[in-house]
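A.B. asks: Supplied in structure tokens, the structure appears directly below.
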Amino acid sequence: MKKLFIIMAVVLGLVSCQQTEDEKAAPLMQRIDSLYRAGNYSATLNAITQLRANHPKAVESREKALKIWQEASLKMAQADIGRTDSALQATIWQYNAAQTFGEKNRLRVKRDSLQVRYDALCGTVRIIHHRQAEK
């Protein structure tokens, strides 16, 4: 009986010394936080993907990373909206100033493509805002 108690105590001691999944994921979470604070959103998303692949059972870390993922995706989409809108406005101006039929056709295709991209990015932002409001 005494041996069983000692064995149980040793096993319990070994089990309690093991790191949790969230503790194992902590260095990667620190990297994710620093990348996000530095404004390197693409690298942030890549690091979060790595966290998901390497630490699937780190629930708390993954929940924090999801919020960061949404924020980084939102900031990237908003920046892309700005660039796309500028290109769209310039293309519309060029289209209105175009003289030849061929030039107008080429600019119309470019304008339509930019408009679709702009609409899709705005939809992405709306979805991210909706998901953020759910939580």
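A.B. asks: If each DSSP helix of 4+ residues adds -39,500 (n - 2.57) and the sum is divided by the residues in the chain, what number results at 222 nm, nearest 500 deg cm²/dmol? Can you show the working numbers first?
C.D. replies: Details: 5 runs with 120 residues, N = 135.
Helices in the chain give a 222 nm mean residue ellipticity of -31500 deg cm²/dmol.
A.B. asks: Among S61, A38, Q50, whose Cα lies farthest out toward the positive end of the dipole of the chain, if unit charges sit on the beta carbon of Lys, Arg (+1) and Asp, Glu (-1)?
C.D. replies: It is Q50.
A.B. asks: Quick one: accessible surface of V116, probe radius 1.4 Å, all protein chains present, in square angstrom to the nearest 10.
C.D. replies: In the full protein context, V116 sits at about 100 Å².
A.B. asks: Turning to a different aspect of this structure: Mind checking the dipole of the chain: about its Cα centre, +1 per Lys or Arg Cβ, -1 per Asp or Glu Cβ, Debye to the nearest 20? Walk me through the intermediate numbers first.
C.D. replies: Details: 21 positive and 13 negative charges, 37 e Å.
That gives the chain a dipole magnitude of about 180 debye.
A.B. asks: Do you know the relative contact order of the chain, to the nearest whole percent, from alpha carbon pairs under 8 angstrom that are 6+ apart? Present the calculation step by step, with values, prior to reporting the outcome.
C.D. replies: Details: 82 pairs, mean separation 28.3, N = 135.
That works out to 21 percent.
A.B. asks: Something else: Give me the percent of accessible area attributable to carbon and sulfur for the chain, probe 1.4 angstrom. Provide the component values of the computation, followed by the final result.
C.D. replies: Values: 5610 of 9590 Å².
In the chain, the share of accessible area belonging to carbon and sulfur is 58 percent.
A.B. asks: How many Å² of accessible area per residue for the chain, probe 1.4 Å? Write down the numbers at each step before the final one.
C.D. replies: On the way: 9590 Å² over 135 residues.
Value for the chain: 71 Å² per residue.
A.B. asks: Stokes-Einstein diffusion coefficient for the chain at 37 °C in a medium of 0.692 mPa s, Rh from the Kirkwood formula over Cα pairs: what value in µm²/s? Write down the numbers at each step before the final one.
C.D. replies: Details: Rh = 18.8 Å.
Value of D from the Cα-based Kirkwood radius: 174 µm²/s.
A.B. asks: Between the helical axis of 59-97 and the dominant principal axis of the chain, each derived from Cα atoms, what acute angle in degrees is found, rounded to the nearest 10?
C.D. replies: The angle comes out near 10 degrees.
A.B. asks: Using +1 at the Cβ of each Lys and Arg and -1 at the Cβ of each Asp and Glu in region 30-102, identify which of Q89, Q70, T100 lies farthest towards the dipole's positive end.
C.D. replies: Q70
The values are calculated or read from the model by the stated rules, or taken from the named source; none is laboratory data. Small disclaimer: the values here were computed from a predicted structure and weren't measured. With ideal geometry, Cβ positions are generated from the backbone for all residues, glycine too; neighbour counts draw on all protein chains shown. These area figures cover heavy atoms from the full protein model, side chains too; ligands, DNA and RNA do not enter into them. Shrake-Rupley method; radii C 1.70, N 1.55, O 1.52, S 1.80 Å.
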